[in-house]
Amino acid sequence: MDDMNRTVRAMTAALMRSPVRHVLRPVITPVDRALFRVSGGRWKLSAPMIPSLVLFVTGAKSGIRREIPLMCFPQHDGSWFIAGSNFGSERHPAWSTNLIANPDAEVHYRRSLQPVRARLLSAQEREAVWPELEVQWPHYRDYEKTAHRDIRIFHLEPR
């Protein structure tokens with residue numbers, strides 16, 4: 001097992017533990033967002049360990065453009081999967097509600113801004129994708145147990 005794989009497994013194990021998750025959850029996203037802004041989009045906190053992107057989506061109620069750093073699952077065709085785990089919280093993340101209302105969004109990935117269209121996966125599609133997501137992030141689906149909800153998974157396709 002290589003060092004990167006060990007690091008991801010260790011992070012996964014730590015984040016699945018409820019106390020650690022609750023301490024880190026309010027810190028990780030704001031720090032990642034600030035690092036992205038300060039570096040002009042060159043750095044993301046999670047990028048050295050896992051594929052990540054910044055999603056730009058329009059607020060469902062406010063109409064304000066929002067930016068959210070997220071772990072992503074890049075596909076060979078240039079698209080991505082993203083999952084609304086919200087660190088296992090019982091609530092769906094606001095960005096997922098915004099994507100349902102406004103599926104046209106933008107993704108900043110590898111220093112490039114790409115317009116995308118988001119599509120919420122059906123239950124059957126979600127089941128088919130989970131094994132692929134867990135190859136990259138082991139035990140990721142365990143968040144559904146702590147959240148007591150189905151985690152929304154979106155397919156982001158370039159437009």
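Residues of the range 53-69 with backbone nitrogen within less than 17 Å of a virtual label 7 Å along the Cα-to-Cβ line of R117, please, listed as ranges. Residues 58 qualify, since their backbone N sits under 17 Å from the label point.
What shape does the range 114-159 have by the C-alpha gyration tensor, where a ≥ b ≥ c are the square roots of the eigenvalues, rounded means a/c under 1.5, and otherwise prolate means a/b greater than b/c and oblate the rest? Prolate. In order along the range 63-69, the Karplus-derived 3J(HN,Hα) couplings, from 6.51 cos²θ - 1.76 cosθ + 1.60 at θ = phi - 60°, round to x, 7, 6, 10, 10, 9, x Hz, and Gly and Pro are given as x.
Can you classify the range 51-159 as rounded, prolate or oblate using the Cα gyration tensor, where a ≥ b ≥ c are the square roots of its eigenvalues, rounded means a/c under 1.5, and otherwise it's prolate if a/b beats b/c and oblate if not?
Since a/c reaches 1.5 but b/c is at least a/b, the shape of the range 51-159 is classed as oblate.
Proximity of backbone amide H atoms, modeled 1.01 Å from N, is registered between S52 and C72 at under 5 Å, excluding neighbours fewer than 5 places apart on the same chain. Counting other Cβ atoms within 10 Å of each Cβ, which trypsin sites (Lys or Arg not before Pro) in the range 105-143 have at most 13 and sit in a DSSP loop? Answer by residue number: R110, R111.
So which GluC sites (Glu not before Pro) in the range 61-108 are both in a DSSP loop and have at most 12 other Cβ atoms within 10 Å of their Cβ? Taking the range 61-108 and a limit of 12 other Cβ atoms within 10 Å, the loop GluC sites (Glu not before Pro) found are E90. Put in line by how crowded their Cβ is, counting other Cβ atoms within 10 Å and starting with the fewest, F154, F73 read F73, F154.
No value in this document is a laboratory result; all are computed from the given coordinates. None of the values given here were measured: they were computed from a predicted structure. Glycine also receives a Cβ, built like all others from the backbone with ideal geometry; neighbour counts cover every protein chain displayed.
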